[in-house]
1. Between residue 261 and residue 110, what length comes free when the chain is fully extended (0.36 nm per residue of separation minus the Cα-Cα distance, one decimal in nm)?
2. How many nm separate the modelled label positions at residue 43 and residue 177, each set 7 Å beyond the Cα in the direction of the Cβ?
3. At each listed q (0.21 Å⁻¹), what is the log10 of I(q)/I(0) that the Debye formula gives for the stretch 169-234 modelled as equal alpha-carbon point scatterers?
4. Can you pull the three principal axis extents for the Cα set of the stretch 12-65, in Å, largest first?
5. Output the Kirkwood hydrodynamic radius of the stretch 52-92, Cα pairs only, in Å rounded to one decimal.
6. Expressed in nm to one decimal, what extension gain is obtained for the pair residue 30 and residue 65 from 0.36 nm per residue of sequence separation less their Cα-Cα distance?
7. Calculate I(q)/I(0) for the stretch 1-132 by the Debye formula, one identical point scatterer on each C-alpha and no solvent, and give its log10 at q = 0.15, 0.17 Å⁻¹ to two decimals.
8. Hey, what did the stretch 193-242 get for relative contact order, percent, Cα under 8 Å, at least 6 apart?
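Read the figures in this text as sums done on the coordinates, not as results from a lab. None of the values given here were measured: they were computed from a predicted structure. No Cβ is skipped: glycine too gets one built from the backbone with ideal geometry, and neighbour counts run over all protein chains shown.
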């Protein structure tokens, strides 16, 4: 499988899995969840990690840019914290009430006779809340989430003490300000999109054949990472195709007009499995 040198061309073959991002893909960006999530992350950094408020904006941008998520970046540069506490603080305060049942999308998803799986960087509690609010909880076979890729042992009580939030902290703002930094960025202990190795590992765990999967995602860099490992891709929330994007949709409501082959291919497969209820006790059902 060649994905390091560039982008793989779109394939003309039957899909046996539809892989969906969660946030800002299954529901629109203007729901307000993303804006509140960014605020909650900043508040956590100030209140729980003792980071100066004046540094939050620049630090968040750099961590997100270099590590995929602010959480992964914080761990990489030396901060220690409980993952469950972080998720509870950041996601527990979100305005889930802004999400309403999407029966149009529900009918579309249930009409496609192909396996469907969620792939999100968020934790499983957040993922299941979102799916229930959208009334989509029985439209997917399983969830690939934070817990799927990140071992609970890394976050165990033996490895973490509440008073030990930081030891040596790598100054990523200072590093980025140097024309020729004399040190490399530290590696992240957290696996998440858009890391290609993390994405390949997630698909292996869920027993998903990337050569027969189409990936729906709102993030261009996640889409491009998916394309580099061999996935066919659909950018959601934007009608403009860019490098690494096979299809572009303003909304998933336009799926049938843009991708009618999904219904035809599903009908030909004849051996599609459906889950009656989404798995909420385990991150992945495959």
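1. Values: separation 151, 0.36 × 151 = 54.36 nm, distance 1.53 nm.
The residue 261-residue 110 span can extend by a further 52.8 nm.
2. 2.9 nm
3. These q points yield log10 I(q)/I(0) values of -0.85.
4. Ordered largest first, the stretch 12-65 gives principal extents of 52, 22, 17 Å.
5. Values: mean 1/r = 0.0934 Å⁻¹.
Over the stretch 52-92, the inverse of the mean reciprocal pair distance is 10.7 Å.
6. Numbers: separation 35, 0.36 × 35 = 12.60 nm, distance 2.20 nm.
Taking 0.36 nm per residue and subtracting the Cα distance, the gain is 10.4 nm.
7. Relative scattering, expressed as log10 I(q)/I(0), comes to -0.88, -1.03.
8. Relative contact order for the stretch 193-242 comes out at 36 percent.
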